[in-house]
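Remarks on the structure that follows.
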Amino acid sequence: MFKQLITKPEEIEQIKSKVDEIAGVLKQDQYISSEDNSLMIGRSGIALFFFYYSKLADDQSSSDLGFDIISKIFDQLSLRNIHHSFSEGLAGIGWTLEHLIRNDFIEFEDEQGLADLDACLFKVMKETMRQGNYDLLHGAIGHGVFLLSGFKRTGNTHYLTSLIDELENISVTDENEGAKWLSHISSEGKIYEVNLGMAHGMASIIAFLAELHLNHINQEHLLHLLKSAVRYVLKYRQDPDKYLSFFPNSIHNGTPAKSRLAWCYGDLGIAIALLKAGKTLNDQNISDLALDILIHASHRRDPENNFVWDAGLCHGTAGIAHIFNRIYQQTKIEELKDAAVYWTGQTLEMSKFKDGLAGYKSYRLPKNGSWENEAGLLEGIAGIGLSLLSMISDIKPKWDQCMLIG
């Protein structure tokens, strides 16, 4: 059962005031009428915020606004001439609709339309996998997350089973080392051998396979692949006392290195994946390691030393706070609760820009312009608002299933 984490009246009021401010900004026409309909950046993620906000604020007008945004998105939608990724395209838009239907935010009776969308994205997913692109945000795992959200529809079990087969086909497997997937992500022109993170790497594969098993899809074949993937990741466990983190961001020439504290890269995303794998495989050692990682991470409080520059869900304070809150709700480990409260406080302090959205800006590397206003779910104020909402509400934040957290 999900319980409100923060209970002191003055702290609740401070957080609610900030969420109200975020809602006020997002109600501006430039955001609700944006031409970007995507989940992670655009209007679908903003609509998601309004539906959850309406429950906390008991504000029917916010729910109506969310419904109006979704209606306009689908009035304009064409299965052709649109980006198909989970982050920026059709898969994420479809996931948003499916999520709102399954959680009784909206009614939708066009099952054939959803089935057509399934078939369209299955074809895209197959082609994406042929290119070796398994990425959660930009590749086939993201398509799979959408298909899993509607797995009870005819055909989706077959689609998802095919994805498991394709994942196995493109894996590089060694009997002793385990299974790995080569990364398409580069840094400063260097291609990493393997990305371990949740946004683009091994953690997302492990978490996704565990979710498939939970839904009784291709269990025996899937378990072998899942065990092999976990074995590979565990091979690169390092001494956190020496490197700050249990795992590096990525594997490049086998060199240990500290990783950031974030959902997208590093220990938090890997721990979420291992926690899901431990439960799926009924392996207490894996589950215990995942909790050890999270407890260690809960004591990493220096933003600069942990590469925490802004407040967004992807790699900022709100995302860190939300992960600790979510795992605390499952485990009742007090250190995780303390970390969630701490990073929520840091999130409020990040609202410091006079020209920011509700005071927030998203950090970019200096070569890319340093700071930008972002309204969306992944790096902007819609996601920050959803994280803050989860601290002062008993409403289970199932929206985080799009990030393979919940």
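The values are calculated or read from the model by the stated rules, or taken from the named source; none is laboratory data. Given the structure is predicted, the values throughout are model-derived calculations rather than measurements. In this analysis, Cβ positions are derived from the backbone assuming ideal geometry, glycine residues included, and neighbour counts consider all displayed protein chains. Heads up: the accessible areas ignore ligands, DNA and RNA and are worked out on the full protein's heavy atoms, side chains in. Shrake-Rupley method; radii C 1.70, N 1.55, O 1.52, S 1.80 Å.
Summary table
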item	result
Rounded accessible area of Glu334 (nearest 10 Å², 1.4 Å probe)	100 Å²
By accessible area with a 1.4 Å probe, ligands and nucleic acids excluded, highest first: order of Val230, Val341	Val341, Val230
Rounded to the nearest 20 debye, dipole of the chain from Cβ charges on Lys, Arg, Asp, Glu	700 debye
Heavy-atom accessible area ranking, 1.4 Å probe, most first, across Asp59, Asp29	Asp29, Asp59
Relative packing of 93-101, 307-315, 375-383, which averages over residues the other C-beta atoms within 10 Å, highest first	375-383, 307-315, 93-101
Spin-label zone in the range 373-387 - amide nitrogen under 18 Å from a point set 7 Å from the Cα of Phe108 along the C-beta vector	377
Low-density loop cleavage sites - trypsin sites (Lys or Arg not before Pro) in the range 276-381, where at most 13 other Cβ are within 10 Å (DSSP)	Lys332, Lys352, Lys354
Qualifying trypsin sites (Lys or Arg not before Pro) for the range 45-114 [loop in DSSP, other Cβ within 10 Å: at most 16]	Arg80
Furthest towards positive pole of dipole, Ala210, Gly359, Leu100, structure part the chain, Cβ charges	Ala210
The range 318-379 versus the range 27-92: alpha-carbon centroid distance in Å	21 Å
Cα gyration tensor shape of the range 218-342, rounded if a/c is under 1.5, else prolate or oblate by comparing a/b with b/c	oblate
Counted charge near Tyr232, where neighbours are those whose Cβ lies closer than 9 Å (Asp, Glu -1; Lys, Arg +1)	+1
Of the chymotrypsin sites (Phe, Trp or Tyr not before Pro) in the range 115-217, those whose Cβ has at most 15 other Cβ within 10 Å and which sit in DSSP loop	none
Rounded if a/c under 1.5, otherwise prolate or oblate - the range 66-105, Cα gyration tensor axes	oblate
Accessible area, probe 1.4 Å, largest first, for residues Asp355, Asp20	Asp355, Asp20
For Lys152, net neighbour charge (Lys/Arg +1, Asp/Glu -1) across residues whose Cβ lies under 15 Å away	-2
With DNA, RNA and ligands ignored, accessible area of Glu349 (1.4 Å probe; Å², nearest 10)	130 Å²
Prolate/oblate/rounded call for the range 25-113, Cα gyration tensor, a/c under 1.5 rounded	oblate
Reach of Lys242 by Cα under 26 Å, taken over lysines that are not fewer than 8 positions away in the same chain	Lys180, Lys190, Lys258, Lys337
